[in-house]
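See structure below.
The values are calculated or read from the model by the stated rules, or taken from the named source; none is laboratory data. Remember, it's a predicted structure, so these values are computed and weren't measured experimentally. We place every Cβ from the backbone using ideal geometry, glycine too, and count neighbours over all the protein chains shown.
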Ligand SMILES: [Zn+2]
C-alpha cells in the first residue's frame, strides 16, 4: 500500500462531514442553500494546506488545481450537494477521495506532478430543488438548455436564476464554465453503485462501462367505453386489455436485449369507473440500454408489440416521446485501467453499466476521455439516510481510485 495515502482519513472526514451537514433524517446539503455554502467552506479548509489554485467557475462549480509539468489535466470529479434527507456518501465520497489523492500526489511529486491535477465539485448534480439534474456539469459541457432552465422554479416559486444570484452566479453566463475543459485530457469519477449488482456478486468494486441511454414514451390505447353489464366479452374494445398485455411483453423485450431494462411506471384509465369498459388507457414506458442500437431495437419491439395487441383487441394505439438521451459509453482504454486498478487492489472486478446518470456522462459527452469506478452499496439503496457502504470497502475504493489516478497520469503523459 502507498504509505502517503490514507483511506482511513477519507472515512473519518466523511463522518466529520456527516456530523456537520446531516441530521436525524440524513444529509441536508441541497445545492445553493446555506448548508451547501457551509459545505464548500469546509471543503476549502480541507484543501488549505496544499499548494492549490482554487476558484468557483461561472456555473458555480468549484475547482482546485495542482499545476503540473504539463498543462494537460487529469480531472477528478464529484458533487458535495445531496438530495434532502440524503445519504452520507452519494457524491461527497468522490470528492473526498479526490482530496486524499491530491494530498498523495502533492507529497509524492513535491508539489509538481507530471500533469496538472484538478479536483472539481460540480454544482447541483442532484437537481433536488429545481428538478434539473447535472446542472453544473451540463453548463460546463454545453448541453444545458438555457431557455428551459431559465423558467425552472422551486416549490416556493423562486426561479433558478434568482437562486443562483443569491450565491453570486449570473445565470446568463453559466456556459462560460466550458472553458474549464480546455486542457482536460481525462476525467475520472468514483461513486457508490446505488444499486444491488456488486452486492449480489459479493464484490467490493466495479469498472463502469458508461451510462445508459434512455427512451421515455407515453403509449395511449384508444377503445370504446361500454356498459360493463350489457356488453358481451366478444363485443368489447377494451383499451386496458391491450395495455395490460404490454406489461409482460416488456420483460421479454428486456430479456432479449441482454442487459437493458424496461419499466411501465404509470397507467391511467378513462373513464376510470367500475361499471365501464376502459375507453382510453395511457401507460408510460421507460427503456434503458448502454448500446444505442439495442436501445433502438428495444423501442422498435415495444412499438410493434403495442400495434399487435391493439389490432388483436380492435383498438387503436398512439405513441408520444416524453424524453430521450443517448448512451454515453466511457473510454475503453480508461475502462481497462480502472479494471486493472481494481484487480491490483482486491483481486476481482466486475464491469457494469450505470443506470443512473452522473456528471461523468456530461464530461464524456463533451469529448473528454472518461471512466467511473463503483463501490458496492449495502441494501442497494441511495437518496435515503439508510444509504451505506462497509468501511473496509470505502478504504478499498480510495486505494483503487488512487491507483487509477496514477495510471491515468501515465496514460495522459503518453
Ligand atoms: Zn451522486
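Is it the case, given these coordinates, that residue 264 is away from the ligand (no atom under 16 Å from the Cβ), in a loop (DSSP other than H, G, I, E, B) and at negative phi?
no
Which one of the conditions (1) within 16 Å of the ligand (Cβ to nearest atom); (2) within 26 Å of residue 292 (Cβ to Cβ) does residue 192 fail to meet, given that it meets all the rest?
(2)
For residues that are within 13 Å of the ligand (Cβ to nearest atom) and not in a loop (DSSP other than H, G, I, E, B), tally how many sit in the range 374-399.
Looking only at that region, the number is 2.
Can you pull out the residues in the range 257-281 that are more than 28 Å from the chain's Cα centre (by Cα) and under 17 Å from residue 317 (Cβ atoms)?
Residues of the range 257-281 that are more than 28 Å from the chain's Cα centre (by Cα), as a first pass: 268-281.
268, 269, 270, 277, 278, 279, 280, 281, listed by residue number.
When the range 353-370 is examined, which residues are found to be away from the ligand (no atom under 16 Å from the Cβ) and either under 21 Å from residue 403 (Cβ atoms) or surrounded by 24 or more Cβ atoms within 10 Å (Cβ to Cβ) (or both)?
Residues satisfying the conditions are 368, 369.
Please pick out the residue among 199, 203 that is closer than 28 Å to residue 381 by Cα, buried (at least 19 other Cβ atoms within 10 Å of the Cβ) and more than 16 Å from the ligand (Cβ to nearest atom).
203
Say whether the condition of being modelled with pLDDT of 95 or more, assigned to a helix (DSSP H, G or I) and in contact with a strand residue (DSSP E or B) (Cβ under 6 Å, 6 or more places away or on another chain) is met by at least one residue in the range 50-69.
Scanning the range 50-69 turns up no residue that is modelled with pLDDT of 95 or more, assigned to a helix (DSSP H, G or I) and in contact with a strand residue (DSSP E or B) (Cβ under 6 Å, 6 or more places away or on another chain).
Filter the range 379-394 down to the residues that are at pLDDT 95 or above and touching a helix residue (DSSP H, G or I) at 6+ places or on another chain (Cβ under 7 Å) and list them by number.
Residues satisfying the conditions are 391, 394.
Hey, can you tell me all the residues within the range 81-105 that are within 16 Å of the ligand (Cβ to nearest atom), crowded, with 24+ Cβ neighbours inside 10 Å and over 12 Å from residue 191 (Cα atoms)?
Within the range 81-105, 81, 82, 86, 87 qualify.
How many residues does the range 114-161 hold that are touching a helix residue (DSSP H, G or I) at 6+ places or on another chain (Cβ under 9 Å), part of a loop (DSSP other than H, G, I, E, B) and away from the ligand (no atom under 14 Å from the Cβ)?
12
What tally of residues in the range 59-79 results from selecting those that are in contact with a helix residue (DSSP H, G or I) (Cβ under 6 Å, 6 or more places away or on another chain) and near the ligand (Cβ under 10 Å from one of its atoms)?
The total comes to 1.
Filter the range 206-231 for residues that are over 22 Å from residue 122 (Cα atoms) and under 19 Å from the mean Cα position of the chain (by Cα); which is surrounded by the fewest Cβ atoms within 10 Å (Cβ to Cβ)?
The qualifying residue surrounded by the fewest Cβ atoms within 10 Å (Cβ to Cβ) is 216.
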